[in-house]
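Report on the following structure.
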Amino acid sequence: MFSAQTYTERRNHLKKEVGKGLILIMGNDEAPMNYHDNTYRYRQDSNFLYFFGISQAGLNAIIDCDSGEEIIFGNELTMDDIIWVGPQPTLAELARRVGVYRTESPEKLPSRIKSAKILHFTPPYRYDNMFRLSEWTGIAVGQLKEKTSVDLIKAIVGIRSYKTAEEIVQMEDAVNITREMHMTAFQMTRDGRKEYEIVSAIHAKALEMGGDLAYPAIFSMNGQTLHNHYHGNTLENGRLVINDSGAENKMFYAGDITRTIPVARRFSDKQKDMYNLVLKMETSAIAALKPDVQYREIHLMANRIMLEGLKEMGLLTGDIDEMLNLGVQGLFMPHGLGHMIGLDVHDMEDLGEKYVGYRDGLERSTQLGLKSLRLARELEAGFVLTVEPGIYFIPELIDKWKAEGQFTNFINYSRLENFKTFGGIRIEDNCLVTADGYKVLGRQIPKKAEEVEAL
């Protein structure tokens with residue numbers, strides 16, 4: 001936990017921004033894997049962690065903007081609980097550690113909610129919380145999303161988007177754990193190994209350093225599949241492996257790093273040319289980070305670099321500006337350049353990307369690639385985000401566009417045939433936007449082609 005003062009200041013800030021009414025912050029319960037007592041790894045709701053700091057199932061809290069009241073609702077452990085989980089601090093003790101001096105039984109929460117003239121809540125993303133909230137409010141489950149408080153959402157986004165110095169310490173810790181996970185993968189990747197052998201070592205390293213995975217690891221020889229969680233392949237010389245894995249540290253902050261590794265320990269000339277192009281996209285995008293610059297423009301700049309490089313390689317022909325406007329780049333990079341990161345690997349995404357990554361007057365594109373850009377708005381000092389360009393050769397997408405005759409005046413489909421087994425390349429770092437530029441978080445993780453080969 002941070003200090004009680006930190007959590008108190010966060011809640012006071014939230015009260016001020018929302019102004020009036022009753023704020024409900026729902027915590028998460030245990031989630032059964034296949035029966036009640038066999039559960040998935042517990043993860044507290046990030047808004048609850050941010051404002052109340054307690055990672056314990058079965059808790060909910062209210063903040064009364066009018067009276068100033070703050071109450072955490074939950075049960076104290078019984079002797080039966082203690083027999084199974086051992087002695088724990090009481091809920092009252094935990095509440096005092098985060099500056100809350102009133103706890104109540106969960107049975108008292110529904111009446112407080114029903115008596116509220118103005119109730120603020122965020123969109124619930126777990127079905128047990130949806131049904132619980134529906135019962136408390138009388139709002140049908142299917143209507144909860146449209147009844148959520150936009151004022152509360154905007155207030156939370158307006159607070160959590162700006163990372164404090166103590167949060168940056170935690171985020172650098174998460175990235176440094178992530179670094180050791182990646183160093184392990186660099187050293188283990190070789191011909192004949194199973195992907196799952198390395199994934200297990202990545203996870204073990206996170207646990208060894210007091211953390212866990214921030215999200216299911218993506219470690220695959222088939223890197224052209226963007227979120228490939230299958231780990232059953234046997235690594236082969238001549239192939240590339242994408243390792244997109246990140247740690248969640250003991251304070252629940254996330255790291256999210258991607259590196260691309262040649263199984264043969266050396267890049268082929270063809271692989272190195274493509275790798276260096278992605279690296280140029282990434283380092284150029286990072287260098288462009290500063291306040292008041294739209295991240296959408298940095299995304300487009302990275303795509304421009306990609307199109308220029310692919311044109312030099314003979315895979316494309318024609319005017320770069322025209323290709324960029326038409327969306328030719330979506331064939332090779334069908335995802336966005338990055339997203340906010342913090343307590344969530346995609347920070348605050350439960351509140352809605354249109355509030356986190358966009359703003360009024362800046363609408364999401366429908367173009368392949370650009371439509372998946374999670375962060376498009378102007379950058380501000382204190383934002384922490386990922387920069388993760390990539391180039392992918394997706395056979396099914398290439399065949400589809402070719403069959404449809406898409407962009408035949410720009411794309412050299414005959415040359416692309418030689419890249420259908422190439423896979424993909426992605427390189428990613430986590431960056432803080434500062435008052436005059438940026439800072440790459442954590443200790444350096446090798447990414448130059450020569451550095452990767454040297455490992």
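Okay, here's what the table says:
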read-out	value
Helix-only [θ]222 nm of the chain, DSSP H runs n ≥ 4, -39500 (n - 2.57) each, per residue, nearest 500	-11500 deg cm²/dmol
Loop-resident sites, the stretch 354-395, for GluC sites (Glu not before Pro), counting at most 10 other Cβ within 10 Å (DSSP)	Glu363
Extension gain (nm, one decimal) between Ala92 and Thr225, 0.36 nm per residue minus Cα-Cα	43.1 nm
Accessible area in square angstrom per residue, the stretch 178-300, 1.4 angstrom probe	38 Å²
Protection proxy ranking, peptides 353-361, 31-39, average beta carbon neighbours within 10 Å, highest first	353-361, 31-39
For the stretch 107-124, 3J(HN,Hα) per residue [Karplus equation, 6.51 cos²θ - 1.76 cosθ + 1.60, θ = phi - 60°, Hz, x = Gly/Pro]	5, 8, 5, x, 5, 5, 5, 5, 8, 6, 6, 10, 10, 10, 8, 8, x, x
Gyration tensor (alpha-carbon) shape descriptor, the stretch 366-455, a/c threshold 1.5	oblate
Among the listed pairs Lys154/Lys447; Lys117/Lys154; Lys311/Lys354, those beyond 28 Å (Cα-Cα)	Lys154/Lys447; Lys311/Lys354
Rg [Å, one decimal], Dmax [Å, integer] - the stretch 314-415, C-alpha atoms	16.0, 46
Burial order of peptide ranges 424-432, 125-133 (average beta-carbon count within 10 Å, highest first)	424-432, 125-133
Cβ-derived FRET efficiency at R0 45 Å, Glu135 paired with Tyr196, nearest 0.05	0.60
Integer Hz, Karplus 6.51/-1.76/1.60 couplings in order for the stretch 70-77, x for Gly and Pro	9, 9, 9, 9, x, 8, 6, 5
Distance between the stretch 86-148 and the stretch 206-267 - C-alpha centres, whole angstrom	36 Å
Long-range HN-HN contacts of Leu316 with modeled amide H, under 5 Å	Lys311, Asn412
Cα convex hull volume per residue for the stretch 266-314 (Å³)	59 Å³
DSSP-loop trypsin sites (Lys or Arg not before Pro) across the stretch 229-301, with at most 13 other Cβ within 10 angstrom	Arg266
Förster-model FRET efficiency, 60 Å R0, Tyr413 and Asp436, C-beta, rounded to 0.05	0.85
Net lengthening on full extension, Glu9/Lys250 (0.36 nm per residue, minus Cα-Cα)	84.6 nm
Taking only Cα atoms of the stretch 68-196, radius of gyration then Dmax in Å	21.5, 65
Euclidean distance between Cα centres, the stretch 308-361 to the stretch 418-455, Å	17 Å
Segment Tyr42-Gln187, extension gain: residue separation times 0.36 nm, minus the distance between their alpha carbons	49.1 nm
Per residue Cα convex hull volume in Å³ - calculated over the stretch 1-90	111 Å³
Cα convex hull of the stretch 249-393 - mean projected area over all directions, nm²	10.3 nm²
Cα gyration tensor, the chain - rounded (a/c under 1.5), prolate or oblate	prolate
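The values are calculated or read from the model by the stated rules, or taken from the named source; none is laboratory data. Predicted model, so just to flag it, every value in this text is computed and none were measured. Here the Cβ is made from the backbone with ideal geometry for all residues, glycine too, and neighbour counts use every protein chain on show. These area figures cover heavy atoms from the full protein model, side chains too; ligands, DNA and RNA do not enter into them. Shrake-Rupley method; radii C 1.70, N 1.55, O 1.52, S 1.80 Å.
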